[in-house]
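Colleague: Have a look at this one.
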Amino acid sequence: MLVGIGPGSTEHMTVRARAAIAEADTIIGYVTYIKLVADLIEGKEIVRKSMTEELDRAIEALDRARAGKKVALISSGDAGVYGMAGPTFEVLFQAGWTPPARDENGQPDPDGIEVEVVPGASALNSCAARVGAPLTHDFCAISLSDLLTPWPTIARRLDAAAAADFVVALYNPKSGRRTRQIVEAQRLFLRHRRPDTPVAIVKSAYRRREKITFTTLDAMSEADIGMLSTVLIGNSNTVVQYGLMVTPRGYANKYDLQGDGAARAGERRGRSLSTGLEGWLENLQIDHAAGDSLENLAQRHRLPLDYIRETLLNPLAAASDEPSEDSSASVVLDK
């Protein structure tokens with residue numbers, strides 16, 4: 001059982017996670033994670049591993065399972081988000097493991113090894129909850145650890161996420177030896193984001209030494225950041241108000257939030273924005289017909305030139321209740 005224990009406090013673990021630990025004969029995990037579940041594992045076989053022994057944990061879990069033990073391999077947060085689920089499946093696949101066959105009643109072969117992934121709240125969920133609602137709109141997670149991933153790959157992901165205006169959760173932002181990565185991440189984000197973009201740094205969310213710091217993108221690298229920290233970088237609409245970091249979902253684009261909540265002029269409930277895909281396609285064709293070049297359109301919308309060209313060549317059929325007045329119009333592209 002690959003168990004995500006969430007931020008570590010018992011009250012934030014799922015019922016299934018607690019049950020999985022209770023069922024297990026053997027508990028395997030990083031020493032810090034073992035401490036977080038100490039009150040749940042009394043009387044069980046405990047295998048403690050260090051920070052860099054992820055593969056050893058997975059191999060140990062497989063060996064114990066082969067010996068007939070029921071094993072809980074624990075990860076903080078979610079086992080599938082920078083946790084032990086991935087490395088364990090890699091070890092299993094390399095060892096020739098296959099999911100056990102099941103009989104006509106759905107029962108697995110008793111001689112096989114079953115694997116269950118037990119989800120838990122990842123650090124980005126826990127940290128976001130402590131500071132407000134920064135992840136309400138599109139977001140992504142990027143690890144700054146270059147122990148297993150080449151830095152150019154990480155840098156490309158950072159640059160792409162910053163340019164695309166994602167809210168970003170940075171995992172593994174800094175350690176005793178890895179101190180420059182967070183500075184490089186800041187440099188890449190400042191190419192696309194305002195210096196006053198809100199940033200929240202949460203250390204040890206829901207744990208005894210929890211620390212929350214609000215800062216800005218231009219001051220981010222000067223804050224107290226370590227391996228137990230998660231850095232949340234807002235997008236162009238994220239605000240901090242009354243000590244809460246919030247990213248608007250976009251309701252104000254469509255509804256009157258100050259009045260009765262009615263749809264704004266030109267908008268309809270349950271339908272795309274007037275500036276949604278269909279509206280954008282229509283305006284794109286109008287602008288191009290009026291003389292805007294493909295290059296200007298690509299630059300204005302910050303989209304690839306070939307995407308603009310192909311979109312104008314193959315406009316999507318508008319899914320509207322009202323047919324277009326000029327449904328037979330053709331598009332002639334400039335060079």
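The values are calculated or read from the model by the stated rules, or taken from the named source; none is laboratory data. Bear in mind the structure is a predicted one, so any value in this text is a computation, not a measurement. Glycine gets a Cβ as well: all are built from the backbone with ideal geometry, and neighbour counts include every protein chain shown. When the accessible area is computed, the model is the full protein with side chains, heavy atoms only, and any ligands, DNA or RNA have been set aside. Shrake-Rupley method; radii C 1.70, N 1.55, O 1.52, S 1.80 Å.
Colleague: Six or more apart or on different chains, Cβ atoms under 9 Å: show the pairs whose first residue is in region 79-100 and open to solvent by less than 30 Å² (accessible area, probe 1.4 Å) and whose second is in a loop (DSSP other than H, G, I, E, B) and among the polar types (S, T, N, Q).
Modeller: Short answer, once both residue conditions are applied: Gly83/Ser76; Gly83/Ser122; Leu92/Thr98.
So that you can scan it fast, the table gives a plain yes or no per residue for (1) part of a loop (DSSP other than H, G, I, E, B); (2) aromatic (Phe, Trp, Tyr):
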| position | (1), (2) |
| --- | --- |
| Arg178 | yes, no |
| Ile182 | no, no |
| Arg187 | no, no |
| Arg193 | yes, no |
| Ile201 | no, no |
| Arg207 | yes, no |
| Phe214 | no, yes |
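Colleague: Continuing with this model, one more query. Is it the case that Gln186 is of a type in the set (S, T, N, Q), touching an Asp or Glu at 6+ places or on another chain (Cβ under 7 Å), over 30 Å from Met13 (Cα atoms) and modelled with pLDDT of 95 or more?
Modeller: Numbers: of a type in the set (S, T, N, Q): yes; touching an Asp or Glu at 6+ places or on another chain (Cβ under 7 Å): no; over 30 Å from Met13 (Cα atoms): yes; modelled with pLDDT of 95 or more: yes.
Spelling it out, it is not the case that Gln186 is of a type in the set (S, T, N, Q), touching an Asp or Glu at 6+ places or on another chain (Cβ under 7 Å), over 30 Å from Met13 (Cα atoms) and modelled with pLDDT of 95 or more.
Colleague: So, in region 41-66, exactly how many residues are assigned to a helix (DSSP H, G or I) and open to solvent by 50 Å² or more (accessible area, probe 1.4 Å)?
Modeller: Taking region 41-66 as the starting set, the residues that turn out to be assigned to a helix (DSSP H, G or I) are 54-66.
If we keep only those that are open to solvent by 50 Å² or more (accessible area, probe 1.4 Å) too, we end up with 54-56, 59, 63-64, 66.
Residues flagged as assigned to a helix (DSSP H, G or I) and open to solvent by 50 Å² or more (accessible area, probe 1.4 Å) within region 41-66 amount to 7.
Colleague: Which residue, of Ser175, Ser204, is open to solvent by less than 20 Å² (accessible area, probe 1.4 Å) and either over 18 Å from Val131 (Cβ atoms) or small (Gly, Ala, Ser) (or both)?
Modeller: Going through Ser175, Ser204 in turn, just one is open to solvent by less than 20 Å² (accessible area, probe 1.4 Å) and either over 18 Å from Val131 (Cβ atoms) or small (Gly, Ala, Ser) (or both): Ser204.
Colleague: For region 69-84, which positions are closer than 15 Å to Ile113 by Cα and in contact with a Gly (Cβ under 9 Å, 6 or more places away or on another chain)?
Modeller: Passing the criteria: Ala72, Leu73.
Colleague: Return a yes/no flag: does region 104-126 have any residue that is touching a strand residue (DSSP E or B) at 6+ places or on another chain (Cβ under 6 Å) and part of a helix (DSSP H, G or I).
Modeller: Yes, that holds for at least one residue.
Colleague: Out of curiosity, is Leu232 closer than 30 Å to Thr10 by Cβ, within 20 Å of the chain's Cα centre (by Cα) and either assigned to a loop (DSSP other than H, G, I, E, B) or touching a residue at least 60 places away in the same chain (Cβ under 8 Å) (or both)?
Modeller: Spelling it out, Leu232 is indeed closer than 30 Å to Thr10 by Cβ, within 20 Å of the chain's Cα centre (by Cα) and either assigned to a loop (DSSP other than H, G, I, E, B) or touching a residue at least 60 places away in the same chain (Cβ under 8 Å) (or both).
Colleague: Criterion first (surrounded by 14 or more Cβ atoms within 10 Å (Cβ to Cβ) and more than 20 Å from Phe139 (Cα to Cα)) does Met227 satisfy it?
Modeller: yes
Colleague: If you take the residues of region 133-155 that are open to solvent by less than 60 Å² (accessible area, probe 1.4 Å) and part of a strand (DSSP E or B), which of them is farthest from Phe189 (Cα to Cα)? Even if it seems obvious, please write down each step before you answer.
Modeller: Step one: of region 133-155, the residues open to solvent by less than 60 Å² (accessible area, probe 1.4 Å) are 133-135, 140-146, 149, 153-155.
Restricting the remaining residues to those that are part of a strand (DSSP E or B) gives 133, 140-143.
Numbers: Ala133: 21, Cys140: 14, Ala141: 14, Ile142: 13, Ser143: 15 Å.
Ranking the qualifying residues of region 133-155, first place goes to Ala133.
Colleague: Against the definition (part of a loop (DSSP other than H, G, I, E, B), open to solvent by 90 Å² or more (accessible area, probe 1.4 Å) and of a type outside the set (Gly, Ala, Ser)), how does Arg249 come out, yes or no?
Modeller: Criteria met by Arg249.
Colleague: Of these, Ile21, Ile28, which one is in a helix (DSSP H, G or I), under 27 Å from Arg209 (Cα atoms) and open to solvent by less than 30 Å² (accessible area, probe 1.4 Å)?
Modeller: Ile21
Colleague: Additional query: Filter region 244-263 down to the residues that are of a type outside the set (A, V, I, L, M) and either touching a helix residue (DSSP H, G or I) at 6+ places or on another chain (Cβ under 8 Å) or touching a residue at least 60 places away in the same chain (Cβ under 8 Å) (or both) and list them by number.
Modeller: Thr247, Pro248, Arg249, Gly250, listed by residue number.
Yes or no, residue by residue, for (1) of a type outside the set (A, V, I, L, M); (2) in a helix (DSSP H, G or I); (3) over 34 Å from the mean Cα position of the chain (by Cα):
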position: Gln258; (1), (2), (3): yes, no, no
position: Arg271; (1), (2), (3): yes, no, no
position: Thr275; (1), (2), (3): yes, no, no
position: Glu282; (1), (2), (3): yes, yes, no
position: Asp292; (1), (2), (3): yes, no, yes
